Amino acid sequence: MGQPVITDGGLATELEDQGHDLSDDLWSARLLADAPEAIRAAHLAYFRAGAMIATTASYQASFEGFAARGIGPAEAARLLRRSVSLAREARAELADDGRQRWVAASVGPYGAALAGGEEYIGRYGRTVRQLRDWHRPRAEVLAGAGADLLAVETIPDIDEAEALVSVVSDLGVPAWLSYTIRGDQTRAGQPLRDAFAVAAGVSQVVAVGVNCCDPADVAAAVSLAAGVTGKPVIAYPNSGETWDGRRRAWVGRPQPPLPDLAPRWVANGARIVGGCCRVTPSAIAGISRVLAPG
């Protein structure tokens, strides 16, 4: 089946390691306006570490979030497009090495825009239709900004997955769908088998999987995703630490290094592998050495 594709790690993690304060509700998306060059540098760091996919700084960006900062809809749309152009610029800077690379425009969950860790809980009290209407304007902008696909990620709930799959289908753009999970359930407590089935017959969803979860939960989820959907599976957990929304901090200790765990995920069916929050370029370099040597 060929070597797995390596995706990047925690964009915010790298930006914080550069010295940027991301305590703002917009998180890394704030830097789209304030320090775009830092985002480009973060993408470059992951590409140079061996990542083949850059995920844009649009995860926590939303029209409502930008409005709270006094940024109107037209400028918000421009900043969303900038998130894609920065990743494309980083890719272009390394084009001479002949490696194929992709840009995935991040479409985070509604809970991310609430900025209190709600994506790790799910069930926001919104209907599928309300979630679809909320997501559509941002997804439309990102879909037209020149990314290779949409990264529909950290989804905690089947209702939100259904809303986003509907939007992706209407737009006719390729996307991956990844859930944040706890054990064998979504964060909202639904069976993962049912969650993966949402994307099973949707051609626009080109990969399914899990992200920003405990690394210990990945292997079983990968097997299930492959069996339910027959699609390529993506796996990019966090370091094993846990987000405390009240304290706005990661707590606990990292799990075993991801490069040690990744071969099992590939054996179980993962075709795209990387990391999420608290996963640094050095960890991605380790995954790349193990899974895509040379």
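Read the figures in this text as sums done on the coordinates, not as results from a lab. Computed from a prediction, not measured in an experiment: that's the story for all the values here. Cβ sites come from the backbone with ideal geometry, for glycine too, and all protein chains shown count toward neighbours.
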Inter-centroid distance (Cα atoms) of the stretch 1-18 relative to the stretch 181-206, Å
23 Å
Ser203 to Gln130: extension gain in nm, 0.36 nm per residue of separation minus the Cα-Cα distance?
23.9 nm
The stretch 127-280: equivalent-ellipsoid semi-axes (sqrt of 5 x gyration tensor eigenvalues, Cα, Å):
24, 18, 15
Considering the stretch 34-168, what Rg and Dmax in Å follow from its alpha-carbon atoms?
15.2, 49
Label Asp97 and Glu16 with points 7 Å out from Cα along Cα→Cβ: what is the distance between them in nm?
2.6 nm
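With 10 angstrom as the radius, rank Cys212, Cys277 by how many other C-beta atoms surround their C-beta, starting from the fewest.
Cys277, Cys212
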What ranking do 264-272, 82-90 get when scored by the average of other Cβ atoms within 10 Å per residue, highest first?
82-90, 264-272
How far is it, in nm, from the label point at Asp194 to the one at Arg289 when both lie 7 Å from their Cα along the line to the Cβ?
4.4 nm
Arranged by the count of other C-beta atoms within 10 angstrom, fewest first, what order do Phe47, Phe196 take?
Phe47, Phe196
At 18 Å minimum axial length over the Cα atoms and a Kyte-Doolittle cut of 0.5, report the qualifying DSSP H helices in the chain, or say none.
158-171
What is the order of Asp260, Asp214, fewest Cβ neighbours within 10 Å to most?
Asp260, Asp214
Protection-proxy order for peptides 182-191, 141-150, each taking the mean of Cβ atoms within 10 Å per residue, highest first:
141-150, 182-191
I want to verify the translational diffusion coefficient of the stretch 1-101 in µm²/s; compute it with Stokes-Einstein, Rh as the Kirkwood radius over Cα pairs, at 4 °C and 1.567 mPa s.
92 µm²/s
Once you have all Cα-Cα distances for the chain, histogram them in 10 Å bins from zero and send the whole-percent values.
7, 32, 40, 20, 2
The chain: relative contact order in percent, alpha carbon pairs under 8 Å with at least 6 residues between:
21 percent
Taking the Cβ of Trp102 as the centre, find all other residues whose Cβ is under 9 Å away and add up their charges (Lys, Arg: +1; Asp, Glu: -1).
+1
